[in-house]
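S.K.: Could you have a look at this structure, given as structure tokens, before my questions?
The values are calculated or read from the model by the stated rules, or taken from the named source; none is laboratory data. Small disclaimer: the values here were computed from a predicted structure and weren't measured. A quick note on method: Cβ atoms are made from the backbone with ideal geometry, for glycine too, and the neighbour counts reach across all protein chains shown.
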Amino acid sequence: MPQTYRFDHLHIQSRDPKAVAQYFQTMFAAKAVEGVTYDGRLRIDLDLNGLVIFIFKIEAEENVPASHPVRHLGLDHFGLLVDNLDEAAAELKSRGAEFVMEPRTIKPGQKIAFIRGPENVRIELLERS
């Protein structure tokens, strides 16, 4: 029988995890729990309506690409589904979000926009109708 794969969590490596967590709390009302990893590094766990995001501290002096074969800063982007993209965009703008792509229809029944998150992580907002 084939396996069923479901989304579980995502990791963000950050020089300033508290600022990243604060951004997600301010913009999306995420809930945060601060803790430490097994090796004593700062880790902040976010719950964004069931989307689990782990934010890990990377030290400024750490040679990020060389320190671990898969460790790097940030994330390219991830998408958040919304019911009404225009309303979501207005709400996020009122909170100070920086849009790098304003809402637009990319094909019938699908609108997208992108905002710039902390450390240049792009966050896609998506409406499907």
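S.K.: Could you figure out which of (1) at pLDDT below 90; (2) touching an Asp or Glu at 6+ places or on another chain (Cβ under 7 Å); (3) among the basic types (Lys, Arg) isn't true of Arg71?
M.R.: (2)
S.K.: Follow-up question, since we're still on this one. Checking Lys31 against (1) surrounded by 11 or more Cβ atoms within 10 Å (Cβ to Cβ); (2) modelled with pLDDT under 85, which test does it fail?
M.R.: Lys31 satisfies all of (1) surrounded by 11 or more Cβ atoms within 10 Å (Cβ to Cβ); (2) modelled with pLDDT under 85 except (2).
S.K.: Take the residues in segment 81-117 that are assigned to a loop (DSSP other than H, G, I, E, B) and closer than 17 Å to Met27 by Cα; name whichever of them is modelled with the lowest pLDDT.
M.R.: Only one residue tops the list, namely Gly117.
S.K.: If you take the residues in segment 85-110 that are in contact (Cβ under 8 Å) with a residue 40 or more places away in the chain and loosely packed, with under 13 Cβ neighbours inside 10 Å, which one is farthest from Val121 (Cα to Cα)?
M.R.: Ranking the qualifying residues of segment 85-110, first place goes to Arg95.
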